[in-house]
Amino acid sequence: MSKTLTIVRHGKSDWDFMNLTDYDRPLKLRAYADAYKMAVSLKKKLHAPDLFLSSPANRALYTAVIYARTMDHSFEKIKILDELYLGNPNSILKLLKKQDNNFNHLAIFGHNPGFTELANYYLPEYLDNVPTSAYVWLEFNTDSWEKIGPDLLIDHEFNYPKKNHS
């Protein structure tokens, strides 16, 4: 059995609300369409995540909700984790390695620069940036989250809204 990790950067945030904190900033209208488009694309390629781990920031959590809804999952499958709010790759990696091995596909929703750095830790090719609403899925040849690493990567995809989707 393999483990699949999907790294999803939140949708584009709306900066029109200057009185809100970074934590509370909502998604731009365009971000909703982009998130649905990306969730549908992922659904066509992979089985739905067993668990959605999200930053508590509005823009990340709303993106996770869109993915859960698109993949016909209960919102009970969304777990909000403070560690994903602007987390660095090392703290995110520690969090992933502690996950229950009964889950074979995890999706995480959060922010840059940590998410781009995390993707680059695993990927054979370097990404300058994981843009808003983009995802990177990674499949590892292991049955343990503790063991996931670049040496066990067997498949992957980087996808973003401006790519041509069928």
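The values are calculated or read from the model by the stated rules, or taken from the named source; none is laboratory data. Remember, it's a predicted structure, so these values are computed and weren't measured experimentally. Reconstructed Cβ throughout: ideal geometry from the backbone, glycine too, with neighbour counts over all protein chains shown.
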Over the range 64-85, the set of residues in a loop (DSSP other than H, G, I, E, B) and surrounded by 17 or more Cβ atoms within 10 Å (Cβ to Cβ) is Met71, His73, Tyr85
Every residue from the range 36-63 that is in a helix (DSSP H, G or I), over 21 Å from Gly87 (Cα atoms) and of a type outside the set (Val, Ile, Thr)
Tyr36, Lys37, Met38, Ala39, Ser41, Leu42, Lys43, Lys44, Lys45
From Asn120, Asn112, Asn102, Asn129, residue being assigned to a helix (DSSP H, G or I) and not β-branched (Val, Ile, Thr)
Asn120
Only one residue in Asp151, Asp128, Asp143 is under 25 Å from Ala60 (Cα atoms), at pLDDT 95 or above and charged (D, E, K, R), so which one is that?
Asp128
Residue within the range 15-32 that is assigned to a helix (DSSP H, G or I) and within 25 Å of Pro150 (Cβ to Cβ) present
no
Taking the condition exposed (fewer than 13 other Cβ atoms within 10 Å of the Cβ), touching a residue at least 40 places away in the same chain (Cβ under 8 Å) and over 18 Å from Tyr36 (Cα atoms), does Ile148 pass?
no
